[in-house]
Structure formats: C-alpha cells, structure tokens
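The values are calculated or read from the model by the stated rules, or taken from the named source; none is laboratory data. These numbers come from a predicted model, not from an experiment. Positions of Cβ are backbone-derived with ideal geometry, glycine not excepted, and every protein chain shown enters the neighbour counts.
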Amino acid sequence: MADPKIVLLDESSMGLDPRATTTVCEQVVRMREAGTAVLLVEQNARWALKTADLGCVLDLGRVHISGPASQLLADPQLGELYLGGGPAEPTAPPKP
C-alpha cells in the first residue's frame, strides 16, 4: 500500500532483539511524522507510551486508564502497576 491513512500494529516488538525493536520504533515515528495514524497494541508499555500521543491501558480486557501518553508515563501508580517501576523519565521519542 503506497499511502495508508492508518496502520494497525499488534505486538510489533514481540520476540525482537533490542536493535530490531529500535528499528521498529524509528519506523513508527517516521509513519507518524508522514501523517499516518498508527494504532499500536504493545506489551512493551514504556516504549509504546514514549512513542505515542495518546495511551490506553487495558487490564483484563477493560480500559483501566487512558489519556495523553506523557501523563501516563509520569503517573507513579501506573508506573508501579504496569510499567515495572516508578514513573518514566520524560524523554522525547527517538529521532529517525
């Protein structure tokens, strides 16, 4: 497809080594910058939220919390429960 309006990615980093995961992340950022909407389903929540504008955390199939990705990353309770520790350091998405 030459010019998609939206791309749906399900567990795009599953089973990948860190270098390949970085490449996938860079490609997602490039798609966003090109104006393509990206719907990303990802268990690597820190990476997904660092890449996203908006986030939605599901717990047992129900929406637990949603909102701007940067706010979700900064939430200490969410970090403890779902992100493997406290809130993430605020960082910009990787540059392509």
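Observations on the structure shown:
- Condition check for residue 51: surrounded by fewer than 16 Cβ atoms within 10 Å (Cβ to Cβ) and within 21 Å of residue 12 (Cα to Cα): no
- Counted residues, segment 30-48 - those being of a type outside the set (Ser, Thr, Tyr), more than 24 Å from residue 59 (Cβ to Cβ) and either crowded, with 18+ Cβ neighbours inside 10 Å or free of Cβ contacts under 8 Å to residues at least 60 places away in the same chain (or both): 5
- Among the residues making up segment 14-25, those that are of a type outside the set (Lys, Arg) and exposed (fewer than 15 other Cβ atoms within 10 Å of the Cβ) are 14, 15, 16, 17, 18, 20, 22, 23.
- Every residue from segment 35-48 that is modelled with pLDDT of 90 or more and either more than 19 Å from residue 14 (Cβ to Cβ) or among the acidic types (Asp, Glu) (or both): 35, 36, 37
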